[in-house]
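Q: Before I ask anything, let me first share the structure, which is written out below as C-alpha cells.
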Protein chains: 2
Amino acid sequence: MAAEPATADAVEDALVDDPLLADDRITAVGLLFEASALVARELEHGLVDRAGLTSPWWEVLIRLGRTPGHRLRMSELAHAMASITPSGLTRLVDRMEEAGLVERQTCAEDRRGAFAALTPAGQAQLLAALPDHLADIDRVLVGVLSSRDLAALERCLRLVRDRLQAPVGEADAGH
Amino acid sequence: MAAEPATADAVEDALVDDPLLADDRITAVGLLFEASALVARELEHGLVDRAGLTSPWWEVLIRLGRTPGHRLRMSELAHAMASITPSGLTRLVDRMEEAGLVERQTCAEDRRGAFAALTPAGQAQLLAALPDHLADIDRVLVGVLSSRDLAALERCLRLVRDRLQAPVGEADAGH
DNA sequence: AGTGAATAGTTGTAAGCGCAAGTATATAGG
DNA sequence: CCTATATACTTGCGCTTACAACTATTCACT
C-alpha cells in the first residue's frame with residue numbers, strides 16, 4: 001500500500017459523492033448506538049454517584065435479583081450479559097465477591113461449574129439503589145415516549161435481540 | 001452495616017416479592033442495551049475480521065467521511081461520539097494517525113484547537129469496508145424489521161437521543 | 001472401562017478507557 | 001494593557017476488558 005499522503009482533493013470529491021456513505025442504514029445503527037450510549041452514560045452516572053455501582057456491577061445485581069434463588073451459573077450469566085465475555089465475568093465476580101455483594105457457590109451436578117449468588121449485602125444494595133434508578137430510567141427513556149411508542153420500541157428491540165441472541169440449536173442450513 | 005452473611009432465606013423471599021424488581025422499566029432499558037450490544041458485537045466482528053478496524057476506529061472514519069471537508073475539530077468529534085470522552089479521543093486519534101488513517105491539522109482561527117482529518121488511506125479503508133458493513137447492518141438490524149417498524153424505531157430512538165444529546169443552552173429552570 | 005473431544009471456568013498478557021491534573025490559548029472585565 | 005477565568009486538548013495513572021492458552025471435569029463412542 002502506498003503510504004505517502006498526496007494531495008487529497010481529488011479523492012475527497014469522490015468520497016462525498018459516494019452514495020454508500022449517505023446510506024440510511026448507517027443512520028439507523030448510529031441512532032441505536034447513540035441512544036443506547038447516552039442512556040447508559042446517564043444511568044451509570046446516577047448509579048455511581050448515589051450507590052458507587054458501575055453498570056456491570058448493577059447488571060449482575062439485577063440479573064441475580066430477578067432470578068428465583070438469586071443465583072445463576074457463571075456461564076448463564078455470561079451468556080445473558082451481552083456486553084461482557086466469560087473472561088471478563090470471572091474478574092467482575094471476583095471484585096464483587098471481594099466487595100461482599102455476591103458469592104461463588106460450587107455446583108453439585110457439574111463440578112466444573114460454579115454459581116454466582118447474591119449475598120444479603122448485595123440484595124440490600126440492589127433494593128436501596130432501585131427506586132432512584134427507576135426514576136432515572138423514567139427521566140431518560142420511558143418518560144420520553146408515549147406508551148404506544150414505548151411498546152413499539154420494545155417490540156422492535158425484541159425482534160432484533162431475538163434474532164442475535166438465540167442462534168443456538170436453531171435452523172442452520174447445512175447440518 | 002452488618003457484614004456477616006447469615007442464612008439468607010428470609011431476605012430472599014422479601015426480594016422476590018419486591019414489586020420494584022419486576023418493574024417494566026428495567027425490561028425496557030435492558031432491551032435497549034441488549035439489542036445495542038448484540039448488534040455492536042456482530043458488526044464489530046465483521047469489521048475486525050474483514051478490515052482490521054475496531055468500532056471506535058470505524059466510527060471516526062464514518063463521521064469524518066460523512067462531513068464536508070472530511071475533517072472535524074477534536075471537540076466536535078468527541079461530543080458526537082457518545083461512547084468516548086475527549087481523553088479517549090486523543091489517544092484514539094493518536095493510534096489512527098500512527099496507522100495513517102487520519103491526520104491532525106492545526107486550526108488557524110483558534111490555535112488551541114486541532115482538526116482530525118481523513119487521509120487518502122483512511123478514505124480508501126472506509127470505502128473498501130463499507131459494502132460488507134452495510135450488508136451486515138442489513139442482516140442484523142434493518143433486514144429484521146419491516147420498513148414501518150424501522151421508521152418507528154428510528155423515530156423513538158431519535159426522541160431519546162435528542163433529549164440527552166442537546167441539553168446545551170436549553171431550558172434549565174433556574175439560571 | 002478407556003480414549004478423545006467438548007465444555008466450564010480461570011489466568012497471563014496487552015490494549016483501551018476514564019478521571020483528574022496539566023499546558024496553551026482565548027475571552028472578559030477593570 | 002493586564003489579570004482572571006474559561007476553553008481545547010493532552011498526559012499520568014490506575015482500572016477494566018478481551019483474546020488466547022490453560023486446567024478440570026464431563027460426555028460420546030467403542
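Q: When residues of the stretch A:27-46 are filtered for being surrounded by fewer than 20 Cβ atoms within 10 Å (Cβ to Cβ), among the hydrophobic types (A, V, I, L, M, F, W, C) and within 13 Å of DNA strand D (Cβ to nearest atom), how many remain?
A: Result for the stretch A:27-46: 0.
Q: Filter the stretch B:88-104 down to the residues that are of a type outside the set (A, V, I, L, M) and closer than 14 Å to B:SER75 by Cβ and list them by number. Explain how you work it out, then say what you get.
A: Residues of the stretch B:88-104 of a type outside the set (A, V, I, L, M): B:88, B:90-91, B:94-95, B:97-98, B:100, B:103-104.
Scanning the stretch B:88-104 gives B:GLY88, B:THR90, B:ARG104.
Q: Of all residues in the stretch A:47-56 being assigned to a helix (DSSP H, G or I) and either in contact with a helix residue (DSSP H, G or I) (Cβ under 7 Å, 6 or more places away or on another chain) or open to solvent by less than 10 Å² (accessible area, probe 1.4 Å) (or both), which is farthest from the other protein chains (Cβ to nearest Cβ)? Lay out the reasoning, then the answer.
A: Of the stretch A:47-56, the ones assigned to a helix (DSSP H, G or I) are A:47-51, A:55-56.
Still in the list and also either in contact with a helix residue (DSSP H, G or I) (Cβ under 7 Å, 6 or more places away or on another chain) or open to solvent by less than 10 Å² (accessible area, probe 1.4 Å) (or both): A:47, A:50-51, A:55-56.
Values: A:LEU47: 12, A:ARG50: 15, A:ALA51: 13, A:SER55: 9, A:PRO56: 11 Å.
Looking at residues that are assigned to a helix (DSSP H, G or I) and either in contact with a helix residue (DSSP H, G or I) (Cβ under 7 Å, 6 or more places away or on another chain) or open to solvent by less than 10 Å² (accessible area, probe 1.4 Å) (or both), I get A:ARG50.
Q: Which residues, counting only those in the stretch B:81-106, are at pLDDT 95 or above and near DNA strand C (Cβ under 8 Å from one of its atoms)?
A: If the condition is that a residue be at pLDDT 95 or above and near DNA strand C (Cβ under 8 Å from one of its atoms), then B:ILE84, B:THR85, B:PRO86, B:SER87, B:GLY88, B:LEU89, B:ARG91, B:LEU92, B:ARG95 are the ones that fit.
Q: Only one residue in B:GLU59, B:GLU76 is open to solvent by 30 Å² or more (accessible area, probe 1.4 Å), part of a helix (DSSP H, G or I) and away from DNA strand C (no atom under 12 Å from the Cβ), so which one is that?
A: On the way: B:GLU59 fails: away from DNA strand C (no atom under 12 Å from the Cβ).
After ruling out the rest, the residue left standing is B:GLU76.
Q: Looking at A:LEU145, A:LEU159, A:LEU134, A:LEU127, which one is open to solvent by 60 Å² or more (accessible area, probe 1.4 Å) and within 17 Å of B:THR27 (Cα to Cα)? Don't jump to the end; show me each part of the working.
A: Working: A:LEU145 fails: open to solvent by 60 Å² or more (accessible area, probe 1.4 Å); A:LEU134 fails: open to solvent by 60 Å² or more (accessible area, probe 1.4 Å); A:LEU127 fails: open to solvent by 60 Å² or more (accessible area, probe 1.4 Å).
None of the other options fit; the residue is A:LEU159.
Q: Which count do you get for residues in the stretch B:98-117 that are more than 8 Å from DNA strand D (Cβ to nearest atom), more than 11 Å from chain A (Cβ to nearest Cβ) and open to solvent by 60 Å² or more (accessible area, probe 1.4 Å)?
A: Qualifying residue count, the stretch B:98-117: 5.
Q: When the stretch B:62-73 is examined, which residues are found to be surrounded by fewer than 20 Cβ atoms within 10 Å (Cβ to Cβ) and more than 12 Å from DNA strand D (Cβ to nearest atom)?
A: B:ILE62, B:ARG63, B:ARG66, B:THR67, B:PRO68, B:GLY69
Q: Which pairs have Cβ atoms under 7 Å, sit 6 or more apart or on different chains, and link a residue in the stretch A:98-109 that is in a loop (DSSP other than H, G, I, E, B) to one that is polar (S, T, N, Q)?
A: Within 7 Å, the pairs are A:GLY100/A:THR119; A:LEU101/A:THR119; A:LEU101/A:GLN125.
Yes or no, residue by residue, for (1) over 18 Å from A:GLY30 (Cβ atoms); (2) aliphatic (A, V, I, L, M):
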{"site": "B:ARG66", "(1), (2)": "no, no"}
{"site": "B:HIS70", "(1), (2)": "no, no"}
{"site": "B:ALA80", "(1), (2)": "no, yes"}
{"site": "B:THR85", "(1), (2)": "yes, no"}
{"site": "B:LEU92", "(1), (2)": "no, yes"}
{"site": "B:ALA114", "(1), (2)": "yes, yes"}
{"site": "B:ALA117", "(1), (2)": "yes, yes"}
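Q: Mind checking which residues of the stretch A:72-107 are under 19 Å from the mean Cα position of the chain (by Cα) and of a type in the set (Lys, Arg)?
A: If the condition is that a residue be under 19 Å from the mean Cα position of the chain (by Cα) and of a type in the set (Lys, Arg), then A:ARG73, A:ARG91, A:ARG95 are the ones that fit.
Q: A further question follows. Has the stretch B:26-39 got any residue that is over 20 Å from the mean Cα position of the chain (by Cα), under 30 Å from A:TRP58 (Cβ atoms) and of a type outside the set (S, T, N, Q)?
A: yes
Q: Checking B:SER83 against (1) surrounded by fewer than 17 Cβ atoms within 10 Å (Cβ to Cβ); (2) away from DNA strand D (no atom under 16 Å from the Cβ); (3) facing another protein chain (nearest Cβ under 7 Å), only one condition comes out false. Which one?
A: In the conditions (1) surrounded by fewer than 17 Cβ atoms within 10 Å (Cβ to Cβ); (2) away from DNA strand D (no atom under 16 Å from the Cβ); (3) facing another protein chain (nearest Cβ under 7 Å), B:SER83 misses (2) alone.
The values are calculated or read from the model by the stated rules, or taken from the named source; none is laboratory data. Note that the coordinates shown come from a computational prediction; the quantities given were computed from them, not determined experimentally. Ideal geometry is used to build each Cβ from the backbone, glycine not excepted, and the neighbour counts take in all protein chains shown. SASA here: full protein model, heavy atoms, side chains in, ligands and nucleic acids out. Shrake-Rupley method; radii C 1.70, N 1.55, O 1.52, S 1.80 Å.
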